[in-house]
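J.: Got a structure here, written out as structure tokens. Questions coming.
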Amino acid sequence: MCTLSSVAKWHRRGRTVRFALCLVCVAGISFIVGCDDSKATVSGTVTLDGRPVTGGPRMNGIVTFFRDGGGGAPAVGFIDESGHYSVKTGATTGMEPGSYQVAIAMKKITIPENPNAMPIPTLLTPAKYGNPQKSGLRAEIKPGNNTFDFPLVSVGGN
């Protein structure tokens with residue numbers, strides 16, 4: 001027997017099924033779009049006069065990639081104890097492929113005796129490397145894994 005309430009139940013069930021199918025389709029499309037293989041991983045080593053620039057508890061080293069022509073967030077890699085870096089863009093590992101200017105700065109952090117004073121950073125790498133327009137460092141990032149080693153020199157590196 002077909003009553004008005006049973007028809008209403010089937011109608012609601014049909015809407016629920018259609019809604020669930022729509023969610024599955026949207027999730028599938030989001031998964032396909034989210035699986036973007038165009039991201040690139042970038043890592044390498046930074047040396048100064050042939051020796052690795054080393055990070056550590058009182059050392060702060062950073063390699064920054066700025067997209068040519070601007071736009072987009074810069075990609076950043078922190079230099080570890082062995083002079084190695086791996087790049088992230090925000091919280092995401094890797095970066096977009098393209099042409100980049102690179103800036104590198106390594107600072108030693110001195111903690112003053114006065115506990116109310118601010119820590120004092122001392123630049124260890126030549127200042128020109130900290131400016132992407134003056135550093136002369138460039139990278140052409142391709143999809144997939146990229147390695148860029150940066151051999152910095154202190155003579156003439158101001």
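No value in this document is a laboratory result; all are computed from the given coordinates. Keep in mind the model is a prediction, meaning the values are calculated, not measured. All Cβ positions, glycine included, derive from the backbone under ideal geometry; neighbour counts span all protein chains shown.
J.: For every other residue with a beta carbon closer than 15 angstrom to the beta carbon of R138, add +1 if it is Lys or Arg and -1 if Asp or Glu, then tell me the sum.
T.: Net of charged neighbours comes to +1.
J.: I want the local charge near T122. Using Cβ-Cβ distances under 11 Å, sum +1 for each Lys or Arg and -1 for each Asp or Glu among the other residues.
T.: Here the count lands on +3.
J.: Relative to a virtual label point 7 Å from the Cα of S154 in the Cα→beta-carbon direction, which members of region 40-55 show backbone nitrogen distances below 19 Å?
T.: 46-55
J.: Length gain on complete extension for the stretch D80 to R51, per 0.36 nm per residue less the alpha carbon to alpha carbon distance?
T.: Using 0.36 nm per residue and subtracting the Cα-Cα distance, I get 9.1 nm.
J.: Could you give the length gained on full extension between L124 and S38, defined as 0.36 nm per residue of separation minus the Cα-Cα distance, in nm?
T.: Taking L124 through S38 to full extension adds about 27.4 nm, to one decimal.
J.: Right, next: Multiply the residue separation of N114 and D68 by 0.36 nm, subtract the distance between their alpha-carbon atoms, and state the gained length in nm to one decimal.
T.: Taking 0.36 nm per residue and subtracting the Cα distance, the gain is 12.3 nm.
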